[in-house]
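K.L.:
Structure incoming, see below.
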Amino acid sequence: MKKALFIIATILFCCGLTTVNAQEKKNITGAEISFAKKTIDYGTLHVGDVKVVEMVYTNVGKKPLILDNVTTNCDCTKVDWSKKPVMPGKTGVIKVTYTAKNTGLISKWITVMSNAETDRVVLRTSGEVK
């Protein structure tokens with residue numbers, strides 16, 4: 001019985017946090033970045049393959065969004081993005097180019113830093129090189 005009450009209390013607590021987070025997001029006064037997807041699945045590649053993916057983001061805030069820096073954790077992944085501000089409601093693109101250099105699983109990270117209220121977003125890449 002105590003276990004069931006604990007589980008119910010935990011669920012209610014988590015639902016309350018979700019409501020608070022949703023309310024906080026509605027009170028955005030500056031720029032805010034939102035990605036349609038935060039993951040890239042390259043699928044299966046072969047050594048030497050080059051895969052280019054565009055990650056689309058939207059400024060869901062109320063002020064212009066500026067990407068300060070976009071970094072990767074591997075020299076096999078290159079990124080390119082516009083340095084121009086993205087106005088509220090508009091979209092931008094980060095071009096991600098991955099060059100398959102070694103066999104094995106792909107698990108890389110791309111960190112997007114901006115003037116958004118959520119100033120750091122981490123994107124994940126995955127796949128396999130055979």
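The values are calculated or read from the model by the stated rules, or taken from the named source; none is laboratory data. Note that the coordinates shown come from a computational prediction; the quantities given were computed from them, not determined experimentally. Heads up, the Cβs are rebuilt from the backbone with ideal geometry, glycines too, and the neighbour counts pull from every protein chain shown. Ligands, DNA and RNA are stripped out before the accessible areas are found, and what is left, the full protein with its side chains, is counted by its heavy atoms. Shrake-Rupley method; radii C 1.70, N 1.55, O 1.52, S 1.80 Å.
K.L.:
Say a paramagnetic label sat at a point 7 Å from the Cα of Ala36, along Cα to Cβ; which residues of segment 46-67 have their backbone N under 13 Å from it?
P.N.:
Zone members listed by number: 54-59.
K.L.:
Read phi for every residue in segment 94-105 and hand back ³J(HN,Hα) as whole Hz from Karplus 6.51 cos²θ - 1.76 cosθ + 1.60, θ = phi - 60°, with x for Gly and Pro.
P.N.:
With the stated coefficients, segment 94-105 comes to 10, 8, 10, 10, 10, 10, 6, 9, 10, 6, x, 6 Hz.
K.L.:
Would you mind checking the pairs Lys84/Lys108; Lys62/Lys95; Lys37/Lys108; Lys51/Lys95 and listing those with alpha carbons more than 21 angstrom apart? Don't jump to the answer; show the numbers that get you there.
P.N.:
Working: Lys84/Lys108 26 Å; Lys62/Lys95 25 Å; Lys37/Lys108 15 Å; Lys51/Lys95 10 Å.
Where the Cα-Cα span goes over 21 Å, the pairs concerned are Lys84/Lys108; Lys62/Lys95.
K.L.:
Would you check the accessible area of Ser34, probe 1.4 Å, heavy atoms only, in square angstrom rounded to 10?
P.N.:
Roughly 50 Å² of Ser34 is accessible to a 1.4 Å probe.
K.L.:
Further question: Any idea how far apart Val93 and Glu128 come out in nm if each label point goes 7 Å out from Cα toward Cβ?
P.N.:
3.0
K.L.:
If you don't mind, another one. Need the C-alpha centroid separation for segment 37-52 versus segment 60-122, integer Å.
P.N.:
Centre-to-centre (Cα) distance: 16 Å.
K.L.:
Still on this structure, please answer the following. Can you check what the net charge comes to around Asn59, using other residues whose Cβ is under 13 Å from the Cβ of Asn59 (Lys, Arg +1; Asp, Glu -1)?
P.N.:
Values: positive: Lys62, Lys63, Lys84, Lys90; negative: Glu32, Glu117.
Here the charged neighbours net out to +2.
K.L.:
Show the residues, 5+ positions off or on another chain, whose built amide H is closer than 5 Å to the amide H of Thr118.
P.N.:
It is Ile33, by chain and number.
K.L.:
Still on this structure: What figure in square angstrom, to the nearest 10, would you give for the accessible area of Glu54 with a 1.4 Å probe?
P.N.:
Here the accessible area works out near 120 Å².
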